[in-house]
Structures are given as structure tokens and as C-alpha cells.
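Readers should treat all values here as calculations from the given coordinates under stated rules, not as data from a laboratory. Bear in mind that the values here come from a model prediction, so they are computed numbers and not experimental data. Cβ sites come from the backbone with ideal geometry, for glycine too, and all protein chains shown count toward neighbours.
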Amino acid sequence: MITTSSRYAPTRRVFDTPAAAAVAAADVVTKLVAERDQPVITFPTGSTMEGLYAELRRRVTEEKLELDQVRGIQLDEYVGVDDETPESFRAWLSDRLLRPAGLDRFLRLPSLAPTPESLGSYEASLAALGGVDLAILGIGGNGHIAFNEPGSPADSRTRVVQLNARTQEANRRYWGDPTAVPSEAVSQGIGTIMEARAILLIATGPAKAGILADAFEGPITTEVPASILRGHPNVTVITDTDAAAKLRG
Ligand code: GLP
């Protein structure tokens, strides 16, 4: 699927520093939590999210922000990991957000040994929650969202995906044994992500500048999965000035 024009124009908000971007992203979460009972929020992993989760933890301890009513949704995970795997996305997120925020209603992906049935029941559980109010996303250096690598269909559902060499390399730093990075993951599909009522994509740092311009000003193509987001009517992109450096509009 390749078109050159955008059906919708995502809201872009550019901040001087990653810390200011994190505060703005935390404001989006805080506002949703204030407005909605039991909001359903998809939480990603990745270094980009460190600032957001630190700011949310700060608000929980210092400003009495309550996240215990939030229904958290897992976005992606390695295949073959369980609760004992310290490198799992679940463990990463538990340390930084779920445990400190008392957020214990969390829909996990069936990552240990995913089957069509268990993946289908994850999607059914999402639907039973009434769908996602806010999907928070990062962006991979190759434009992936969650673990939807280039070429992933725009209507893909939650499934097992192969990680390409570039993504495995980018994730090597998280693994004690760098040769142990799994080659497969489970990921919400692009179609699943697109059903969220609102999407917040966060990108910081100069390494994301090129891919951000490709995603939001280049052709809409499955070769740059994040570009598909321009078919969604309610997308906000929060960046720092470094990540926004190659955006023209
Ligand atoms: C991983 C995750 C993505 C994340 C991306 C960017 O591959 N599966 O969900 O958006 O990396 O990570 P970082 O923020 O570390 O650049």
C-alpha cells in the first residue's frame, strides 16, 4: 500500500528537551486518568519511555496521581519469555511503572508459547475492555511500531513476528547474554493499534530525526510502518527538537 498524501494531519508538539517532552506526555496520561473511569492505556517499552515513566512515578509519589484504576495493555513482548526472564518487556515495565504505580490490572500478551487461540483471546480481552483509549507508542529506527517491522500489513492483528537483524541489534543492549536476543516476538498488529481511540507517539534524540520525517512527511507505506498512523484521525506526536530536526511542516 503506497499513497503519497496524508488523510489526517497528526498533531505535532515539539519540545526543547526530552524531559519537557516527557512532561507533556505525562500530562496527556494525567488528563485521561482525570476524565475517564478505568481508562485503557497501551504502554510500550524502550529508552524513549524512561522519561515518561519517571515523570508518572514522580506524580504518583509527589502529586497523588492515582493510576491503580488504569487498565494497562501490553504492546509487544519477546517469544519464549516468562515471569522469570529479567530481560522481558514485562519485567522492564513492571520495574519502571506497573509496580511503583500500583498498576496491577495489566493485560499481557501470551508470549511464552503463543498459539492462534491464545493470541485470539488476547484480542478478545482487549475488545471486552471496550478497546483502547490511548495507545502510547515509540518508533524503531526502521519505522517499526510495536514489533511491526517494515512490510507488516496495515490490517495486521496481534501475532507472532520475526525480528529483523537491525531490531535484534538495537535490543542487544538489554540482554545480559547478547547472543540470547530472541528472533521472534508477539506484537499487537498495526490494525489492532489503529483501533485505539487516540494514539500518542513519542520520539526523542537525533537518531530518530530521519525516520520521523520519513514516517510523517514521506509516502504512506507499509515499508515505514509508523507512516500508516497518518490514516488515524487522532494521533499526537510529541518530540524533542533533535528528533524533529528533519521535519519541514
Ligand atoms: C523496541 C520496541 C518498540 C519501541 C522501539 C524504540 O523495538 N518494540 O515498541 O518503540 O524499540 O525503542 P527506543 O525507545 O529504545 O528507541
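Quick look at the numbers
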read-out	value
In sequence order, calculated HN-Hα J values of region 129-141 (Karplus, 6.51, -1.76, 1.60; Hz; x Gly/Pro)	6, x, x, 9, 6, 9, 9, 8, 9, x, 9, x, x
Extreme residue, positive dipole direction of the chain, given options Asn164, Thr236, Leu126 (C-beta unit charges)	Thr236
Peptide ranges 173-181, 82-90, 144-152 listed from the most packed, as the mean C-beta count within 10 angstrom indicates	144-152, 82-90, 173-181
Length-normalised contact order for region 63-127 - Cα pairs under 8 Å, 6+ apart - percent	39 percent
q = 0.09, 0.14, 0.19 Å⁻¹: log10 I(q)/I(0) that the Debye formula gives for region 1-129, counting C-alpha atoms only	-0.32, -0.74, -1.15
From phi via Karplus (6.51, -1.76, 1.60), per-residue ³J(HN,Hα) for region 191-199 in Hz, x at Gly/Pro	x, 5, 4, 5, 7, 4, 6, 9, 10
Mean Kyte hydropathy of 0.5 or more with a Cα span along the axis of at least 24 Å, helices from DSSP in the chain	18-35
Computed over region 189-245, Cα set: Rg, Dmax in Å	11.2, 30
Other-chain or far-sequence residues with amide H under 5 Å of Ala198's (modelled H)	Leu134, Ala135
Percent of beta bridges antiparallel (DSSP, the chain, rounded to nearest 5)	30 percent
Share, in percent, of DSSP beta bridges within region 129-249 that are antiparallel, nearest 5	35 percent
At 1.002 mPa s and 20 °C, Stokes D of region 107-249 from Kirkwood alpha-carbon radius, µm² per second	135 µm²/s
Rounded to whole Hz, the Karplus (6.51, -1.76, 1.60) HN-Hα couplings of region 82-97, x for glycine and proline	9, 4, 8, 8, x, 7, 5, 4, 4, 5, 4, 6, 4, 5, 8, 9
Structure-based [θ]222 nm, the chain - -39500 (n - 2.57) summed over DSSP H runs of at least 4, per residue, nearest 500	-8500 deg cm²/dmol
Cα gyration tensor shape of the chain, rounded if a/c is under 1.5, else prolate or oblate by comparing a/b with b/c	rounded
Segments 66-78, 12-24 sorted - mean Cβ within 10 Å per residue, highest first	66-78, 12-24
